[in-house]
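*Asks:* Pasting a structure below so you can have a look.
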Amino acid sequence: MANIKDIARLAGVSASTVSRVINQSGYVNEKTRITIEKIMKQLDYVPNRNAVSLKTGRTGFLGIVAPYFNDSMNLLLSHFTMAAQKEGYNISLFMTLNDKNKEIQAFEMLRRKQIDAVLLLIRLNEWSVLEQYAKYGPVVTWQRLDSDIIHSVYMNQYDGYTLALEHLYKKGRRKIVNLYGNLESLNTRSRMKAYEDFCKKYNIHYNENFHGIASVKNGENMAQWWLKQKEKPDAFATLSDSVAAGLFTKAQEYGLDIPRDFSVMGFDDIEISRLLKLTTIHYPIDLQAKNAFIIIDNILNNKNTPSFPLSFHLVERKST
């Protein structure tokens, strides 16, 4: 197999010049570059990535770690991957399937210099355990976290959820069912606090809520639950557009009239909400993904690229 010295000899240049062409770093005369690339092609030369990694201390791979993937996570994954690939990075995907040990295995790859950084979507282990790995490379999370060690691109969902509740109130809804996610999540606690403050503001005493309602199927089940209630709620504020979509479509199957029978409020503003004409809260997942990459790229390459500003806004459609 040809090596850099062979290419340099045939091109009549130094090995360091060939290396600059291979790594696309430093100045090389355009004519010389074309000659070197032509010889590389003739010799079918492929750089030894392991050797490059040993020399630079970089693998060119970024890890994305999550216990599972849903529509919102897939959107984040897509935009993060596009931002990373634009800058020459590759992505390693780790699905831990709610196994704490598998999450640690992914972080061990950071410690062993097999990946350069980690984007953690939803943690399984305690933050104190995961923080120990941040000294080996940047760690960014999508979850809400105030830490000087692990970076976060979260948005305070108190603000977004308050927008949703205020909209439902404006539409005359007073018996709002809250469909929350994981009770231990800071985002869930922020939403619960938003509803508590909302009830105090408008002197509302209705307090029907559910936790762990995170899937389309969970949403479908809530339509069945509504049918069984003597005191019918007039609105649902959901965890996500996926939950809202399940509730909305199942209600239609039962012959219910949305929003006459009850309103459905989504959250995220992903494609399914547009297709079903669901009212939702726009949650800029695409910009959060880009910000996550910017943080990693800034740390790895000593850059100072500014992050995108983030904000929630209401997207009103037919479900309310």
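*Asks:* Does Gly181 count as touching a His at 6+ places or on another chain (Cβ under 8 Å), closer than 30 Å to Leu76 by Cα and of a type in the set (Gly, Ala, Ser)?
*Replies:* Working: touching a His at 6+ places or on another chain (Cβ under 8 Å): yes; closer than 30 Å to Leu76 by Cα: yes; of a type in the set (Gly, Ala, Ser): yes.
Yes; evaluated as a whole, the condition is true for this residue.
*Asks:* Given the conditions (1) closer than 19 Å to Thr320 by Cα; (2) assigned to a helix (DSSP H, G or I), which single one is not true for Arg174?
*Replies:* (2)
*Asks:* Still on this structure, I have one more. What single numbered condition from (1) open to solvent by 20 Å² or more (accessible area, probe 1.4 Å); (2) in a loop (DSSP other than H, G, I, E, B) fails to hold for Ser319?
*Replies:* Every listed condition holds for Ser319 apart from (1).
*Asks:* Let me ask something additional. State which residue is modelled with the lowest pLDDT when the search covers only region 134-160 and only residues that are touching an Asp or Glu at 6+ places or on another chain (Cβ under 8 Å) and open to solvent by 30 Å² or more (accessible area, probe 1.4 Å).
*Replies:* It comes out as Ser147.
*Asks:* Would you check if Phe248 is aromatic (Phe, Trp, Tyr), under 27 Å from Tyr158 (Cβ atoms) and assigned to a loop (DSSP other than H, G, I, E, B)? Give the steps one after another, and end with the answer.
*Replies:* Working: aromatic (Phe, Trp, Tyr): yes; under 27 Å from Tyr158 (Cβ atoms): yes; assigned to a loop (DSSP other than H, G, I, E, B): no.
The answer is no for Phe248.
*Asks:* Right, something else. Could you go through region 194-201 and let me know if any residue there is over 30 Å from the mean Cα position of the chain (by Cα), at negative phi and of a type outside the set (A, V, I, L, M, F, W, C).
*Replies:* So the first thing to find is which residues in region 194-201 are over 30 Å from the mean Cα position of the chain (by Cα), and the list is 199-201.
From the residues that got through so far, the ones that are at negative phi too are 199-201.
When the remaining residues are screened for being of a type outside the set (A, V, I, L, M, F, W, C), the result is 200-201.
Scanning region 194-201, I find at least one residue that is over 30 Å from the mean Cα position of the chain (by Cα), at negative phi and of a type outside the set (A, V, I, L, M, F, W, C), so the answer is yes.
*Asks:* Quick one: would you say Thr96 is within 26 Å of Ser240 (Cα to Cα), of a type outside the set (A, V, I, L, M, F, W, C) and surrounded by 14 or more Cβ atoms within 10 Å (Cβ to Cβ)?
*Replies:* Yes: the conditions hold for Thr96.
*Asks:* Can you tell me which residue among Ile176, Ile213, Ile258, Ile272 is surrounded by 23 or more Cβ atoms within 10 Å (Cβ to Cβ), at negative phi and touching a residue at least 40 places away in the same chain (Cβ under 8 Å)?
*Replies:* On the way: Ile213 fails: touching a residue at least 40 places away in the same chain (Cβ under 8 Å); Ile258 fails: surrounded by 23 or more Cβ atoms within 10 Å (Cβ to Cβ); Ile272 fails: surrounded by 23 or more Cβ atoms within 10 Å (Cβ to Cβ).
The unique qualifying residue is Ile176.
The values are calculated or read from the model by the stated rules, or taken from the named source; none is laboratory data. Computed from a predicted model, the values in this text were never measured in an experiment. Virtual Cβ from ideal backbone geometry, glycine too; neighbours counted across all protein chains shown. In case anyone asks, the SASA skips ligands and DNA or RNA and just uses the protein heavy atoms, side chains included. Shrake-Rupley method; radii C 1.70, N 1.55, O 1.52, S 1.80 Å.
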